[in-house]
1. Only residues that are at pLDDT 90 or above, out of contact with any Ser or Thr (no Cβ under 9 Å at 6 or more places or on another chain) and β-branched (V, I, T): list them for segment 97-144, please.
2. Does V90 satisfy the condition of being in a helix (DSSP H, G or I) and farther than 25 Å from G165 by Cβ?
3. So which pairs qualify, if the first residue must be in segment 117-140 and farther than 23 Å from V17 by Cβ and without any contact (Cβ under 8 Å) to a residue 40 or more places away in the chain, the second must be β-branched (V, I, T) and part of a helix (DSSP H, G or I), the Cβ gap must be under 8 Å, and the two must be at least 6 apart or on different chains?
4. If you go through segment 141-167 one residue at a time, how many are under 16 Å from L10 (Cα atoms) and touching a residue at least 24 places away in the same chain (Cβ under 8 Å)?
5. Going through segment 56-92 one residue at a time, which ones are surrounded by fewer than 15 Cβ atoms within 10 Å (Cβ to Cβ) and either closer than 27 Å to M111 by Cα or touching a Phe, Trp or Tyr at 6+ places or on another chain (Cβ under 8 Å) (or both)?
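The values are calculated or read from the model by the stated rules, or taken from the named source; none is laboratory data. Model, not experiment: these values are computed from the prediction. Ideal geometry is used to build each Cβ from the backbone, glycine not excepted, and the neighbour counts take in all protein chains shown.
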Amino acid sequence: MRWLISSQSLALMASSVTFPFYLLFIKNLGSSYSSFGFAYGIFILSSSVFHVPIGRASDHFGNKSLLIVYSWGMAAVFLFIPLVSTSSQVYMIQIVLGFLGALQKTAEKGMVADMSDGSQRGRAIGKYHFWTSIFSVSAVFASGIIIDFFTISALFYLASLFYAGSGLLILKVQKF
């Protein structure tokens, strides 16, 4: 469970560092903040469409494989976000992020369930969410400080490294 917590904490740190600045990024494209609502809706819709086939893929390929695809997929997408220049490109990225988000949600839940037994499952889930949340909030606090020293693009590149690291850490998860 330690490697899963470490991996997903790093992934949550990546998303927590960048999320507040994603709004600014969209605004800087010349779009209004309302376009963020539309983009987020596309993310949720695409995520929901992908959940059922991803559930089947989880049974076939295993949760660890899906989390690796998620982490490295997010690392790749975050390298491209600073290059986005139009709202339509943002919407396309939202579809990819919806797919990757659905991978993460399904595989994360499956792995935590697989790594805990029925009598202690609630305790394991609580511990998992405690630690991943602590790392996430530390990233939010840090992002407020480091944005003064880096550009928004640099934050996305840093987050890409976090996601890549998350993928490396998930490789350390042993058979459970």
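1. Those that are at pLDDT 90 or above, out of contact with any Ser or Thr (no Cβ under 9 Å at 6 or more places or on another chain) and β-branched (V, I, T): none in segment 97-144.
2. yes
3. That search, which allows pairs on different chains as well, returns I125/V112.
4. Summing the residues that are under 16 Å from L10 (Cα atoms) and touching a residue at least 24 places away in the same chain (Cβ under 8 Å) in segment 141-167 gives 15.
5. R56, D59, H60, F61, A76
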